[in-house]
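J.: Just passing along the structure, written as structure tokens.
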Amino acid sequence: ALAAGLGRVDASLGTPHPPAMVGFDTTPDFAWLTIGAGPEPFFLLLAALIIDALLGLVLRKPRRLFDRIAARSITEVVRRLGRADRTPATLLIRGLILSLAILVTGAAIGGFVTWGAAAIPFGWAVSLAVLLVVVDQRAIFGALGHSIVVPPAEADGGVRQAVESAALRYAEGVVALAFWFALLGLPGLVIYRLLLIAALVFDRPGGDDRGLGFVPLRLHEAVAWIPLRLAALLLALAAAFTPGAAMAAAMAAMLGHSPGRRLRSAAWPVAAIAGALGVALTGPRHLDGPDRGVTPWIEPAGGRNQVTAADARRCFYLLVVACVLNALVVLLVAMVELTGAV
């Protein structure tokens with residue numbers, strides 16, 4: 001009765017009660033306009049990672065089409081700009097122009113998609129499609145697929161290359177792309193993918209990695225400096241949750257890898273895998289060409305020289321955990337962004 005009387009007094013005075021709890025509303029809103037507006041960008045990235053984990057094989061053809069078009073376009077430009085009669089100074093200047101063209105092209109593609117997605121209803125689906133085409137998480141495990149069941153007599157060399165490739169694919173194709181999407185959105189995502197493709201064009205056998213390719217390779221190394229080290233940290237942390245892997249050894253190998261490499265950022269994730277599994281790896285062979293001597297080995301303390309199918313299976317599980325950790329980091333950033341925007 002007293003509470004009812006107080007309620008009538010408050011109503012007569014026109015003073016409403018303050019809400020019982022202050023915070024953002026977590027009740028899902030299924031209104032048409034709300035769904036059309038789409039989720040926050042980081043939740044969109046998280047959705048892309050989850051969809052890729054479930055349906056990555058279905059998205060293989062669109063991804064390969066994007067990479068083929070980009071690689072052919074860059075290769076054709078390189079062929080026209082890097083003729084044999086050009087002087088080293090001319091090649092260096094043209095490499096700088098090529099790098100600027102890649103930056104402008106990536107920014108234009110990403111900016112156009114961002115602008116178009118914001119201008120149309122359900123445009124977030126277009127952004128999600130771009131994320132699914134560019135981010136390639138399932139390719140990590142495709143590189144390890146055959147190595148897991150390879151006979152012992154055929155192990156070592158092929159399995160070693162598969163483990164090295166999987167580590168780089170995780171660092172370059174997942175963590176680095178997520179990092180630049182977090183900083184610059186879709187333009188950063190597309191720019192990094194194009195720089196990666198350009199680096200692969202110049203680093204392959206016969207590529208001009210000192211003249212025309214000098215600036216693109218150094219630019220790729222610069223933009224990969226932070227994310228590849230973050231990827232190595234995630235791999236080392238994943239070793240703590242993977243049976244048969246050692247986190248301390250991964251950290252030691254990651255911090256003490258050979259300083260003789262020309263592109264040292266790419267050696268970090270490979271060194272983390274080598275230490276976690278306790279095996280010797282050489283890393284990406286294009287980092288040190290035949291005219292630069294033998295590629296230095298990444299040999300963790302007490303590591304084995306032979307890499308077996310059992311090591312490939314442990315690497316598979318470790319990379320699954322690392323992908324989960326990467327998704328959790330994205331989720332954490334998304335929640336911080338959401339609470340800051342409310």
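The values are calculated or read from the model by the stated rules, or taken from the named source; none is laboratory data. Computed from a prediction, not measured in an experiment: that's the story for all the values here. Note that we place each Cβ from the backbone using ideal geometry, even for glycine, and neighbour counts take in every protein chain shown. In case anyone asks, the SASA skips ligands and DNA or RNA and just uses the protein heavy atoms, side chains included. Shrake-Rupley method; radii C 1.70, N 1.55, O 1.52, S 1.80 Å.
J.: Once you put a point 7 Å from the Cα of E337 and another 7 Å from the Cα of Y317, both along the Cβ direction, what distance in nm separates them?
T.: 3.4
J.: In whole Hz, what ³J(HN,Hα) sequence does the range 165-172 give by Karplus (6.51, -1.76, 1.60; θ = phi - 60°), x for Gly and Pro?
T.: So the Karplus estimates, Gly and Pro as x, are 5, 5, 4, 5, 5, 5, 5, 7 Hz.
J.: Fully extended, how many nm does the chain gain between R68 and W225 (0.36 nm per residue separation, minus their Cα-Cα distance)?
T.: Net length gain for the segment: 54.0 nm.
J.: Separate question: Tally Lys and Arg at +1 and Asp and Glu at -1 over the other residues with C-beta under 15 Å from the C-beta of V190: what net charge comes out? Walk me through the numbers on the way to the answer.
T.: On the way: positive: R63, R193; negative: D67, D136, E172.
That works out to -1.
J.: Starting from 0.36 nm per residue, how many nanometres of slack lie between R210 and A89 once their C-alpha separation is accounted for? Walk me through the intermediate numbers first.
T.: Working: separation 121, 0.36 × 121 = 43.56 nm, distance 1.10 nm.
Length difference between fully extended and current span is 42.5 nm.
J.: Starting from the residue with the highest accessible area, list F214, F316, F42 in decreasing order, probe 1.4 Å. Intermediate results must be reported in sequence, preceding the final value.
T.: Details: F214 85, F316 60, F42 30 Å².
My answer, sorted largest first, is F214, F316, F42.
J.: Another question, then. Relative to the present Cα-Cα distance, how much length would full extension add between R60 and V104 at 0.36 nm per residue of separation?
T.: Details: separation 44, 0.36 × 44 = 15.84 nm, distance 2.65 nm.
Gain on extension, R60 to V104, equals 13.2 nm.
J.: Around R304, which amide H atoms from residues at least 5 apart in sequence, or from another chain, sit under 5 Å from its own amide H, with H modelled in the peptide plane?
T.: Residues meeting the amide H criterion: V279, A280.
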